[in-house]
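As structure tokens, the structure follows; a few thoughts come after it.
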Amino acid sequence: MNTGAMYQEAVATTQALLTEAAQSGEPEPTAMTLATVDAQGRVSARIVLLKQFDERGAVFYTNCESDKAAQLAAHPQAALCLHWKMLRGGIQVRVEGRVERTSAAESDAYFATRPRDSQIGAWASLQSQTLPARIDLDARIAQFEHQFAAKSVPRPPHWGGYRVVPDLIEIWYGQRARLHERVRYECVDGLWTKRLLYP
Ligand SMILES: Cc1cc2nc3c(=O)[nH]c(=O)nc-3n(C[C@H](O)[C@H](O)[C@H](O)COP(=O)(O)O)c2cc1C
């Protein structure tokens, strides 16, 4: 469990920026790049949505049989990158650390807040697998709509959350003439430190 005044400052600053970004007109303020590595060391990156950020870490939800999930099973380490172009002079937040699954209760609670179409989609999509033709996905959607007709949709067992537990948080503030400000918070030997980096 991460603790200490410096870590709390990093988390509080990121939370304040997330709130500011949501109010700044950014079209997707919670969209972030998620980079993962497979067992052979090959890196993949894609966008996911940040659903929670607090002292425990950064949470996103996905299909636990997807490519990213297989990569995280082989190598439970990830890097996240958020970018808010319209906020102040542009802000980037980087978060890195080990990855753990959220609890079943936490995943259930979040799944229950999703729109019904998205819940059905979570059942229907075999994320990252070959889709022979679009009609095959449509058929699966129809199948699960029928299966859950007039019922609430439970969370699929293959769908849930992942939490990136930070050992690094860097906040990058865009400045004139590319002389950006980089504030890096990092856990070194169990102690959180803060330093500036050359841009
Ligand atoms: C704006 C945006 C938000 C996305 N949010 C998510 C998300 O929260 N979870 C998710 O699994 N995929 C999300 N995706 C789709 C992923 O980028 C990706 O295509 C998918 O997760 C499969 O990745 P994988 O095959 O590497 O596992 C999002 C895509 C975009 C463009």
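Bear in mind these aren't lab numbers, they're just calculated from the coordinates by the rules spelled out. Remember, predicted model here, so these are calculated numbers, not experimental data. All Cβ positions, glycine included, derive from the backbone under ideal geometry; neighbour counts span all protein chains shown.
Taking segment 52-95 as the range and being of a type in the set (D, E, K, R) and closer than 25 Å to D108 by Cα as the test, the residues that pass are D54, E55, R56, E65, D67, K68. Total residues in segment 155-172 satisfying the condition of being over 27 Å from G90 (Cβ atoms), touching a helix residue (DSSP H, G or I) at 6+ places or on another chain (Cβ under 6 Å) and not in a loop (DSSP other than H, G, I, E, B): the figure is 3.
Consider A22 carefully, then state whether it is touching a Pro at 6+ places or on another chain (Cβ under 9 Å), free of Cβ contacts under 8 Å to residues at least 60 places away in the same chain and either polar (S, T, N, Q) or surrounded by 13 or more Cβ atoms within 10 Å (Cβ to Cβ) (or both).
On the way: touching a Pro at 6+ places or on another chain (Cβ under 9 Å): yes; free of Cβ contacts under 8 Å to residues at least 60 places away in the same chain: yes; either polar (S, T, N, Q) or surrounded by 13 or more Cβ atoms within 10 Å (Cβ to Cβ) (or both): yes.
For A22, the condition - touching a Pro at 6+ places or on another chain (Cβ under 9 Å), free of Cβ contacts under 8 Å to residues at least 60 places away in the same chain and either polar (S, T, N, Q) or surrounded by 13 or more Cβ atoms within 10 Å (Cβ to Cβ) (or both) - is met.
Look at (1) within 12 Å of the ligand (Cβ to nearest atom); (2) surrounded by 18 or more Cβ atoms within 10 Å (Cβ to Cβ) and you find that V93 fails only one, number (1).
Against the condition out of contact with any strand residue (DSSP E or B) (no Cβ under 7 Å at 6 or more places or on another chain) and either within 15 Å of the ligand (Cβ to nearest atom) or charged (D, E, K, R) (or both), how does S66 come out, does it pass? Lay out the reasoning, then the answer.
On the way: out of contact with any strand residue (DSSP E or B) (no Cβ under 7 Å at 6 or more places or on another chain): yes; either within 15 Å of the ligand (Cβ to nearest atom) or charged (D, E, K, R) (or both): yes.
Yes; evaluated as a whole, the condition is true for this residue.
The condition of being over 24 Å from A21 (Cα atoms) and either of a type in the set (V, I, T) or in contact (Cβ under 8 Å) with a residue 12 or more places away in the chain (or both) holds for only one of E65, E55, E96, that being E65.
Residues in segment 4-42 that are β-branched (V, I, T) and within 11 Å of the ligand (Cβ to nearest atom): T30, T33, T36. The residue that is farthest from the chain's Cα centre (by Cα), counting only those in segment 143-176 that are surrounded by 13 or more Cβ atoms within 10 Å (Cβ to Cβ) and of a type in the set (G, A, S), is G174. Considering only residues in segment 43-56 that are more than 10 Å from the ligand (Cβ to nearest atom) and not in a loop (DSSP other than H, G, I, E, B), the one that is nearest to S103 (Cα to Cα) turns out to be Q52.
Just one of (1) more than 21 Å from S128 (Cα to Cα); (2) hydrophobic (A, V, I, L, M, F, W, C); (3) within 16 Å of the ligand (Cβ to nearest atom); (4) outside any helix (DSSP H, G or I) fails for V59. It is (1).
So in segment 177-192, with the set limited to residues that are among the acidic types (D, E) and part of a strand (DSSP E or B), which one is surrounded by the most Cβ atoms within 10 Å (Cβ to Cβ)?
Only one residue fits best here, namely E186.
Scanning segment 62-98 for residues that are over 23 Å from A122 (Cα atoms) and assigned to a loop (DSSP other than H, G, I, E, B) gives H75, K85, M86, L87, R88, G89, G90.
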